[in-house]
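Below: the structure, in structure tokens.
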Amino acid sequence: MEAVPARARGYVVCAAFGALLCLTPPPLAWTPWWTVLPLAALYAGGERIARRRFAGAFYPVLLAGAFLLPPSAAALVTLPGALCSPDGRRPSALRRIRRAAHLATGVWAAAWVHRALGGAEAVVDADLPAALAPAGAAVFVFCLVLAAADGGMLAPAERLPPRPPARGLFLRSLAPVGVHGLAGLMMALLWRSPYGPGAALLVLFPMGVSWWVFAQYHQERTAHQATIRALVQAVDIKDGYTRGHSERVGQASMMIARELGMDEQRVETLRFAGILHDVGKLGVPTRLLRKNGPLTPEERRVIELHPEYGHEITRGIAFLGEARSAILHHHERMDGNGYPYGLAGAQIPESARVVAVADAFDAMTSTRSYSRARPVAAALEELNRCAGAHFDPRMVSALTEVITREGWHPVVTADTPHPPPQQPSPPSAAGAPATTTTPPAPVPAPGRPSAPQAESR
């Protein structure tokens, strides 16, 4: 509990208080315990199995409760499973209370919307076409409440703005929870049918198959993340000055992609591209990466090989897709004076143009062995000055707009090493140069003497 920020603990207390209000039935209302108790027991058992075997959540029973019960009674179904489900992360008690509060609030809101739209009568009458719209609206509200609640938790816990995480959580959850909602609707219809609650359990068998498929996807995704994490850690160990740079470039690439309206799959691919764009540094001698001073022409030529090294290193990683093109071409320029192949304009893959802007932005706003950090505003001004000749104006405009609107809040999990004695300490925002285009102890960009000092080695 001590490791959790006080603001996050306060958020959990407020969420729990809100959930208690949802659990309180209105005056003169009655609770159908003969429906609440079986559903609560079924959810508790299913949630335990789902979390242990499938690393997922067991929402069909919760949504069935929202379709069958009054809002306050439906919220009661969540408590045993949420409070008793296994959670190996600490502090487990706080996490369980938070999860119970979020689920109770989400189910209450879903049940309220379902009843307000006439869904309860449609379920009782077994009117399947008429029951679909209220159920869909309830699922939508359920996803919205959970995403907003989880995004709100990230804001005080990790000092993030709540809107971007909440939006991402909502978009990712809508499709899978929609499938759970359809299963919950089938359970509710069978529960009220002449066949009774026993028939409703039959719906869970096909759901078990879908959970198995999801578990395989989850394991594959975990393996992907482990592969990327291992490569990034290897680069961070080799080039200590840029530790955390890869993650920040991945975050900036993702922000640009979302601002351009790309679908979530491409957004994820571009995040991978940003994270791995410098993996080719594993093939560059360490002494060049850590050199405190100008590079000789021969040393620059060696440095310029790192995009091709990175392309070769990631050749066998199939899930990266177009991210490999970004790794190979992120040092190309719009005017054709970049490397390794001197591509120009639309010849440069779109993914590489995104990563090039993200890479340059983080290089300018971070302190290196050869340059001091600039303020965010100065870095954006420099990117806009170089748009067209060096960078794609669309990508620069997208990054400028999203950072102006949401700010720049880099999330880095890598530890930042202590700089050696000869490295200059970063200036404060007030003392940093706002308009200079040449940082202290400049090193010309490899192969491009006329380019601005906007890229990392």
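Net length available on complete extension from Arg287 to Arg172 is 37.1 nm, with 0.36 nm assigned per residue and the Cα-Cα distance removed. Distance between the pseudo-spin-label points of Gln219 and Ala234 (7 Å out from Cα toward the beta carbon): 2.5 nm. Couplings for the range 39-46, taken from phi via the Karplus curve 6.51 cos²θ - 1.76 cosθ + 1.60 with θ = phi - 60°, read 5, 5, 5, 5, 5, 4, x, x Hz in order; Gly and Pro are left as x. Extension gain, Thr296 to Leu202, is 26.7 nm, computed as 0.36 nm per intervening residue step minus the present C-alpha separation.
Pop the C-beta distance of Val376 and Trp33 into the FRET formula with R0 = 56 Å and round what comes out to the nearest 0.05. Don't skip to the end; give the middle numbers.
Working: r = 57 Å, r/R0 = 1.02.
FRET efficiency, Val376 to Trp33: 0.45.
So, in nm, how far is label Gln347 from label Leu21 when the simple model puts each one 7 Å beyond its Cα toward the Cβ? For Gln347 paired with Leu21, the spin-label model returns 6.2 nm.
Modelled label positions at Arg48 and Ala126, each set 7 Å beyond Cα in the direction of Cβ, lie 3.4 nm from each other. Taking amide H as placed 1.01 Å from N in the peptide plane, Phe391 has its amide H under 5 Å from the amide H of Met334, each at least 5 places away in sequence or on another chain.
What accessible area per residue, rounded to a whole number of Å², is obtained for the range 176-285 using a probe radius of 1.4 Å? Provide the component values of the computation, followed by the final result.
Details: 4770 Å² over 110 residues.
I get 43 Å² per residue for this part.
The values are calculated or read from the model by the stated rules, or taken from the named source; none is laboratory data. Bear in mind the structure is a predicted one, so any value in this text is a computation, not a measurement. Because the Cβ atoms are built from the backbone with ideal geometry, glycine has one as well, and the counts that use them run over all protein chains shown. Heads up: the accessible areas ignore ligands, DNA and RNA and are worked out on the full protein's heavy atoms, side chains in. Shrake-Rupley method; radii C 1.70, N 1.55, O 1.52, S 1.80 Å.
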